[in-house]
Every structure is written in C-alpha cells, then in structure tokens.
Amino acid sequence: MAVQAALQKGLVSVGPAGRHTASVIFLHGSGDTGQGVRDWIKQVLKQDLSFQHIKVIYPTAPARPYTPMRGSLSNVWFDRYKISNDCPEHTETIDVMCQALNSLIDDEVKNGIRKNRILLGGFSMGGGMALHLAYRYHQEVAGVFALSSFLNKNSVVYQALEKYEGEPPDLFQCHGTADELVLYSWGEETNKTLKALGVTTTFLSLPNLYHELSKSELEKLQSWILKKLPEEP
C-alpha cells in the first residue's frame with residue numbers, strides 16, 4: 001500500500017481539452033520523475049503532449065535502492081542486477097510495481113474509461129515496465145509504446161505471451177542507433193521476439209539518436225496515439 005500511496009503522491013497529468021474518453025499512462029526512465037519527463041517532452045515538442053479527448057498521466061516511481069547505483073536510492077520502477085539484456089530479471093520488484101500500477105489503471109476504469117481506451121508506455125526503463133504491465137496483466141489495453149527500451153533475453157513477458165491465446169496489444173517502439181546506454185540491438189531483439197510471439201509491432205529506427213527523445217519520434221508517437229485512441233462520436 002505504501003508504494004501505491006507514493007505513486008498517487010507523485011502523479012502529474014495533462015487533462016484533455018474537451019471530453020475525456022481515453023487515457024495514456026506514460027512512465028519515465030530510471031532516476032527521473034513524472035514531472036521530469038513531462039517537462040522534457042514539453043522542451044522537445046515546444047508544447048505538452050496533449051489531446052482533445054485524451055488525458056496523459058505521468059506517475060513517479062517511488063525511490064528504492066538501485067543495484068546499478070550500488071544500492072543508492074533512485075526513482076526506478078524496479079531493480080536490476082545490471083543494465084544488460086543478458087542477466088536475469090529482478091522479477092520480485094517488477095511484480096510489486098505491476099501491482100501498484102494496476103491501481104492507476106483501475107482508477108481510470110472507475111472514472112468511466114474502458115480498458116481498450118487506455119495506452120501504456122514509457123521511455124527507457126518506463127517502456128520496459130509498460131511491456132510487463134500490458135503483456136502480463138492488461139492484455140485488453142489499446143496498445144503499448146516503448147521508447148529506447150528493452151526486455152531481458154529470458155523475460156517473463158515472453159513466457160506470458162507464449163501462454164496467451166488472445167490477440168496481444170499492438171506495440172509502437174522507437175530506438176536511437178547511437179544509444180550508448182540501452183543498445184540499439186537490445187531494442188531490436190526485443191521487437192523481433194515480441195513479433196515472433198504474435199505482437200503486431202511498429203519499430204522505428206532513429207539514426208544517430210542517443211539515449212534521448214527526439215521531436216520526430218514524439219510527433220510519430222502522437223499520431224500513433226490518435227490512431228489507437230480516436231475521438232469517439
């Protein structure tokens with residue numbers, strides 16, 4: 001419950017200009033905050049990621065000890081043994097956070113937003129978290145987006161999809177070819193594996209982009225969001 005309370009406390013959202021009929025939950029990268037990623041997007045786009053009918057929600061991960069930072073506290077969605085696609089996942093902390101994030105989705109549903117009118121996604125670690133949340137727990141959402149993100153080679157996400165018999169949510173993925181933190185090959189491999197497991201994917205390769213957000217990528221994301229969550233008559 002403490003994790004859920006901390007999530008609610010750090011919540012930032014950009015409301016729709018008109019009637020609210022859909023929602024996007026955007027998860028920040030490691031060490032950032034909801035407000036931090038919102039400000040970054042605003043700086044890159046020269047405006048908020050905003051819509052006529054869609055609310056954009058930016059939660060903040062509660063601070064927790066983070067192994068790649070020698071156990072120092074950081075705003076991370078889960079712990080990692082190391083930043084690599086070639087080690088086991090820290091499933092215990094991933095699962096705790098999935099349960100906490102469920103409450104945000106439940107809140108939207110209680111407010112009258114159907115689950116197939118909700119998109120989940122994020123940047124870097126936030127994108128990885130969104131993949132766990134959507135493909136393991138919320139297969140009814142409208143789609144998932146992952147910007148500069150990856151899943152570990154033997155991810156439990158892949159295991160869940162192997163058993164899943166329905167049609168999984170579509171994936172929109174972008175990755176910079178010059179990313180030095182989350183290697184381009186990790187993102188590409190994640191996409192190929194998800195595709196092989198039945199996910200309809202879009203993979204945008206961003207030449208010479210490092211571990212960052214770009215204007216063209218955010219504009220394409222905006223178009224994709226509108227395609228997945230069109231205005232209702």
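Look at LEU119 and say whether it is among the hydrophobic types (A, V, I, L, M, F, W, C), more than 26 Å from HIS20 (Cβ to Cβ) and modelled with pLDDT of 95 or more. Taking the combined requirement at face value, the residue does not satisfy it. For segment 206-221, a residue qualifies if it is in contact (Cβ under 8 Å) with a residue 24 or more places away in the chain and loosely packed, with under 14 Cβ neighbours inside 10 Å, and the qualifying residues are PRO207, ASN208, TYR210, LYS215, GLU219.
One residue stands out among those in segment 79-96 that are among the hydrophobic types (A, V, I, L, M, F, W, C) and part of a loop (DSSP other than H, G, I, E, B): the one that is least open to solvent (accessible area, probe 1.4 Å), which is CYS87. Checking each residue in segment 186-204 for being more than 18 Å from the chain's Cα centre (by Cα), small (Gly, Ala, Ser) and either open to solvent by less than 60 Å² (accessible area, probe 1.4 Å) or under 13 Å from PHE172 (Cβ atoms) (or both) picks out only GLY198.
Of the numbered criteria (1) open to solvent by 10 Å² or more (accessible area, probe 1.4 Å); (2) free of Cβ contacts under 8 Å to residues at least 40 places away in the same chain, the one GLY10 fails is (2).
Considered as a group, the residues in segment 97-123 that are of a type in the set (A, V, I, L, M) and over 16 Å from the mean Cα position of the chain (by Cα) include one that is surrounded by the fewest Cβ atoms within 10 Å (Cβ to Cβ), and that residue is VAL109. Residues of segment 45-78 that are open to solvent by less than 10 Å² (accessible area, probe 1.4 Å), assigned to a loop (DSSP other than H, G, I, E, B) and closer than 15 Å to ALA6 by Cα: PRO59, ALA61, VAL76, TRP77.
At least 1 residues being under 19 Å from SER84 (Cα atoms) and of a type in the set (Phe, Trp, Tyr) is the threshold, and among the helices (runs of 4 or more DSSP H) wholly inside segment 115-233 those reaching it are 156-163, 184-196.
The values are calculated or read from the model by the stated rules, or taken from the named source; none is laboratory data. Computed from a predicted structure; not experimentally measured. Virtual Cβ from ideal backbone geometry, glycine too; neighbours counted across all protein chains shown. The area values use the complete protein model at the heavy-atom level, side chains included, leaving out ligands, DNA and RNA. Shrake-Rupley method; radii C 1.70, N 1.55, O 1.52, S 1.80 Å.
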